[in-house]
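Participant: Sharing a structure below in structure tokens format, with a few things to ask.
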Amino acid sequence: GDLLITKDGAIRGRCAVVETRSRFCISQAVALIRPNRSAVIPEYLWGYIVSDRIQRKIMDMDQGVAMPHLQITELAKFPVLHPPFELQREFARRVTAVEKLKSAQRASLEELDALFASLQHCAFRGEL
């Protein structure tokens, strides 16, 4: 339920929800956000951070000249809208449903790619 957000370079502002309980290391170019679960659902906070409006604000918070950098202290002051928990839960349910659909679509695409590769193989061997 923690979030990771990139702080450095062209990909600053990218965000992901941690979905493992295993121990792991993070780079100094990544910030760990531990949401206050009494105020916000992690999946909602992720959706809020990756929204176009918030991503533009993150880009405007740049520090550094050679490599754009997002300061943790500035990120900590960042205001977050807190809709009622039921709306946050509904958002999280919908995000989960969309992610499942995307995963199924990726699996279908991989299967189609494999079938097409097999068809090409047969065609180039003169078996069609």
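Participant: Taking only Cα atoms and a 10 Å spring cutoff, compute GNM fluctuations for the chain and point out the largest among ARG89, ARG56, ARG14.
Facilitator: So, out of ARG89, ARG56, ARG14, the one fluctuating most is ARG56.
Participant: Restricting to DSSP H runs of at least four residues, report the calculated mean residue ellipticity at 222 nm for the chain, -39500 (n - 2.57) per run over all residues, nearest 500 deg cm²/dmol.
Facilitator: Details: 4 runs with 63 residues, N = 128.
Value at 222 nm, helices only, nearest 500: -16500 deg cm²/dmol.
Participant: Only helices at least 24 Å long along their own axis, judged from Cα atoms, and with Kyte-Doolittle mean hydropathy of -1.0 or greater: name those in the chain from DSSP H.
Facilitator: Once both thresholds are applied, what remains is 85-124.
Participant: Provide the per residue accessible area, probe 1.4 Å, for the chain, rounded to a whole number of square angstrom. All intermediate terms of the calculation are to be shown ahead of the outcome.
Facilitator: Values: 9390 Å² over 128 residues.
For the chain, the per-residue accessible area is 73 Å².
Participant: Taking only Cα atoms and a 10 Å spring cutoff, compute GNM fluctuations for the chain and point out the largest among GLU43, GLU90, GLU111.
Facilitator: Maximum among the listed residues: GLU111.
Participant: Relative contact order for the range 7-119: what percent, with Cα pairs under 8 Å and sequence separation of 6 or more?
Facilitator: Computed over the range 7-119, the figure is 32 percent.
Participant: So how much accessible area does LEU115 have, in Å² to the nearest 10, using a 1.4 Å probe?
Facilitator: The accessible area comes out at roughly 110 Å².
Participant: Something else about it: In straight Cα distance, which lysines are under 23 Å from LYS77, not counting same-chain residues fewer than 8 positions off?
Facilitator: LYS7, LYS57
Participant: I'd like to know how the range 12-120 sits against the 2.2 N^0.38 Å rule of thumb: what's its Cα Rg over that expected value?
Facilitator: Values: Rg = 18.1 Å, N = 109, 2.2 N^0.38 = 13.1 Å.
For the range 12-120, the normalised Cα radius of gyration is 1.38.
Participant: In addition: At 1.4 Å probe size, with the rest of the protein present, what percent of the exposed accessible area of the chain is carbon and sulfur atoms? Numbers along the way, then the final one.
Facilitator: Numbers: 5440 of 9390 Å².
With neighbouring chains kept in place, the figure for the chain is 58 percent.
Participant: Could you check which residue among PHE116, PHE91, PHE78 shows the biggest mean-square fluctuation in a GNM of the chain with a 10 Å Cα cutoff?
Facilitator: Among PHE116, PHE91, PHE78, the largest mean-square fluctuation in the Gaussian network model of the chain belongs to PHE116.
The values are calculated or read from the model by the stated rules, or taken from the named source; none is laboratory data. Keep in mind it's a predicted model, so treat the numbers as computed, not measured. The area values use the complete protein model at the heavy-atom level, side chains included, leaving out ligands, DNA and RNA. Shrake-Rupley method; radii C 1.70, N 1.55, O 1.52, S 1.80 Å.
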